[in-house]
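Engineer: Sharing a structure, written as structure tokens. Questions coming.
What follows is calculated from the coordinates using simple rules that are stated; it is not laboratory data. Note that the coordinates shown come from a computational prediction; the quantities given were computed from them, not determined experimentally. Cβ: placed from backbone, ideal geometry, glycine included. Neighbour counts: every protein chain shown.
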Amino acid sequence: MSEAAAPRPRLLYVEDDAEIAAMTLEVLRETYEVAHEADGLAGRDRALRDSFEVILLDRRLPGRDGAEIVRDLRTAHITTPVLLLTALGAVADRVEGLDAGANDYLLKPFDFDELLARLRALRRGYRAEGRRRDVSDWTYLPDTAVVYGPSGERVALTSTENAVLELLTRSPDHVYSREEIARAVFSSPDAMTTVDTYVHYLRRKTATDLVETVRGRGYRAGAER
């Protein structure tokens with residue numbers, strides 16, 4: 001019996017130009033399981049509702065502009081990589097899309113080999129980010145020591161800050177005593193003052209509710225979404 005074929009990666013493609021979409025879909029479907037939307041609002045709702053490995057998004061769309069869609073996704077803590085397709089040659093237009101949270105852009109008309117290569121690169125980068133944990137209003141990626149804020153802001157953690165937060169988010173409902181954290185992170189149950197210091201660092205970089213103090217018991221990760 002032959003082995004089942006591996007599932008193809010899922011891609012969302014939002015493009016309102018029927019001719020361009022038809023040609024691009026033919027190429028994409030050789031590699032991806034593609035969901036196509038021709039309207040900006042429909043594309044945004046599909047991205048919010050379903051899970052994809054990568055999103056290919058036209059810059060100018062009816063209903064909702066591509067940069068606005070990206071901003072909506074990042075506000076919703078959706079970190080799926082986005083490649084913007086744009087016919088706009090002005091640097092300011094490209095900068096606006098990147099500042100909104102897009103990962104890359106490609107000018108129209110584009111070469112299909114380059115398009116596929118850019119998509120592969122974005123997927124590699126996304127897989128490298130690894131696990132995702134949602135804590136309070138923040139999205140935490142422990143494998144890359146990064147926390148994304150409610151508005152999409154990116155906060156890089158030091159290795160020690162990351163070790164503390166990674167421990168706390170393993171079991172969000174568990175209250176870790178200062179001794180537990182000191183032993184696990186600093187290999188010393190006597191490093192309780194150091195634990196307090198790093199909790200302070202985490203809160204200063206993010207928000208006070210990322211790590212909650214449970215009086216008389218210790219610390220736990222903020223409420224999981």
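Engineer: Please work out the C-alpha center-to-center distance from the range 1-73 to the range 145-211 and express it in whole Å.
Structural biologist: One Cα centre to the other: 37 Å.
Engineer: Output wanted: per-residue J couplings in Hz (rounded whole) for the range 18-30, from phi through Karplus 6.51 cos²θ - 1.76 cosθ + 1.60, θ = phi - 60°, x for Gly and Pro.
Structural biologist: 4, 5, 4, 4, 4, 5, 5, 4, 4, 6, 4, 6, 6
Engineer: Another one. Restricting to the chain, compute how many DSSP beta bridges are antiparallel as a %, nearest 5. The partial results should precede the final answer.
Structural biologist: Working: 14 of 31 bridges.
Counting DSSP beta bridges with both partners in the chain, the antiparallel share is about 45 percent.
Engineer: Moving on. With the chain treated as a Gaussian network of Cα nodes joined by springs under 10 Å, which of Glu153, Glu161, Glu26 yields the largest mean-square fluctuation?
Structural biologist: Taking springs between Cα atoms under 10 Å, the residue moving most is Glu26.
Engineer: Val54's amide H: which non-local residues (gap 5+, or another chain) put their own amide H closer than 5 Å, with H modeled 1.01 Å from N in plane and none for Pro or chain starts?
Structural biologist: Leu12
Engineer: OK, next. Under the rule of -39500 (n - 2.57) per DSSP H run of 4 or more residues, summed and divided by the residues of the chain, what mean residue ellipticity at 222 nm is obtained, to the nearest 500 deg cm²/dmol?
Structural biologist: Values: 8 runs with 94 residues, N = 225.
Estimated from H runs of four or more residues: -13000 deg cm²/dmol.
Engineer: Taking neighbour Cβ counts within 10 Å as the exposure measure, how do Val155, Val27 sort from fewest upward? Before the final figure, lay out each step's value.
Structural biologist: On the way: Val155 17, Val27 14.
Result, fewest neighbours first: Val27, Val155.
Engineer: Tell me, what is the percent relative contact order of the chain, built from C-alpha pairs under 8 Å that lie six or more residues apart? Please list the in-between numbers first.
Structural biologist: Details: 363 pairs, mean separation 29.2, N = 225.
Computed value for the chain: 13 percent relative contact order.
Engineer: Assign one of three labels to the range 10-129, namely rounded, prolate or oblate, based on the Cα gyration tensor with a ≥ b ≥ c the square roots of its eigenvalues; rounded applies when a/c is under 1.5, prolate when it is not and a/b is larger than b/c, and oblate otherwise.
Structural biologist: It is rounded, given that a/c, with a ≥ b ≥ c, falls under 1.5.
Engineer: Give, as ranges by residue number, the residues of the range 60-103 whose backbone N falls under 18 Å from the point 7 Å along Cα→Cβ of Ser151.
Structural biologist: 68-78, 96-102
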